[in-house]
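Asks: The structure follows.
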Amino acid sequence: VERQGLRATSAGYGFLCRVGDMVARPKAGKQFVTLEGRDQILSPVLYYETADAHLAALSGHGRLTVFPLGEMKTLSGGGRGVIIMVLEADEALLDVRVIRSAVVVEGTGRKDRVMAINVTGETMAEYLGKRARKGRKVGPATMKPQRLALPADVPDAAPAPPPPPEDGALPI
């Protein structure tokens, strides 16, 4: 099983690809993600695909949306992708994560106090929806969201790597 990648931009667009698709032979590299205007590329998300994988997306206004990973488009040659989350004119997509059952929204509150909100179980149901939706506000109004993280205390939060081959050889 090959490792997969998710590429997204601050404009709310993104796509899935294989890790090998992002590698170029020429020394100068290659353009893989199409940007417009002041768009920025978010950090790549690497994962192993599972049947229950979901994508969680966090906006700059503190809105969160979660939808099945199967709704994303796979582009082996790169490009702009599809809309992950509908954003307002003054808003940017802050972070995306591939999850299974839980995600943590990290940010700051009043007096720059660090905050972390666990979204799991029944709370996760509030944010489940379809791709290209606005999502719902997460956390108190005073919270300034910064990123998504996978909870350390939820062992199945991230898709697990596949089991090693029967011959015992580890893939490189």
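Asks: Against the condition in contact with a Pro (Cβ under 6 Å, 6 or more places away or on another chain), farther than 24 Å from Leu16 by Cβ, touching a residue at least 24 places away in the same chain (Cβ under 8 Å) and buried (at least 17 other Cβ atoms within 10 Å of the Cβ), how does Gly139 come out, does it pass?
Replies: Here the answer is no, as Gly139 does not meet what is asked.
Asks: Could you look through the stretch 121-134, keep only residues that are more than 14 Å from the chain's Cα centre (by Cα) and of a type in the set (Gly, Ala, Ser), and pick out the one that is surrounded by the most Cβ atoms within 10 Å (Cβ to Cβ)?
Replies: Ranking the qualifying residues of the stretch 121-134, first place goes to Gly129.
Asks: Further question on the same structure: Out of all the residues in the stretch 51-69, is one or more modelled with pLDDT of 95 or more, in contact with a strand residue (DSSP E or B) (Cβ under 7 Å, 6 or more places away or on another chain), closer than 28 Å to Lys137 by Cβ and among the charged types (D, E, K, R)?
Replies: Taking every residue of the stretch 51-69 in turn, at least one turns out to be modelled with pLDDT of 95 or more, in contact with a strand residue (DSSP E or B) (Cβ under 7 Å, 6 or more places away or on another chain), closer than 28 Å to Lys137 by Cβ and among the charged types (D, E, K, R).
Asks: Mind counting the residues in the stretch 74-87 that are more than 14 Å from the chain's Cα centre (by Cα) and at pLDDT 95 or above?
Replies: 2
Asks: Give the stretch 132-172 a look and list any residue that's touching an Asp or Glu at 6+ places or on another chain (Cβ under 7 Å) and either modelled with pLDDT of 95 or more or not in a loop (DSSP other than H, G, I, E, B) (or both), or say none.
Replies: Answer for the stretch 132-172, where residues must be touching an Asp or Glu at 6+ places or on another chain (Cβ under 7 Å) and either modelled with pLDDT of 95 or more or not in a loop (DSSP other than H, G, I, E, B) (or both): Arg136, Gln146, Arg147, Leu148, Ala149.
Asks: Does Thr123 meet the test of being among the polar types (S, T, N, Q) and either without any contact (Cβ under 8 Å) to a residue 40 or more places away in the chain or farther than 30 Å from Gly20 by Cβ (or both)?
Replies: For Thr123, the condition - among the polar types (S, T, N, Q) and either without any contact (Cβ under 8 Å) to a residue 40 or more places away in the chain or farther than 30 Å from Gly20 by Cβ (or both) - is met.
Asks: For the stretch 1-26, how many residues meet the condition of being touching a strand residue (DSSP E or B) at 6+ places or on another chain (Cβ under 8 Å), closer than 15 Å to Ala53 by Cβ and at pLDDT below 80?
Replies: 1
The values are calculated or read from the model by the stated rules, or taken from the named source; none is laboratory data. Keep in mind that this is a model prediction, so the values were computed, not measured. With ideal geometry, Cβ positions are generated from the backbone for all residues, glycine too; neighbour counts draw on all protein chains shown.
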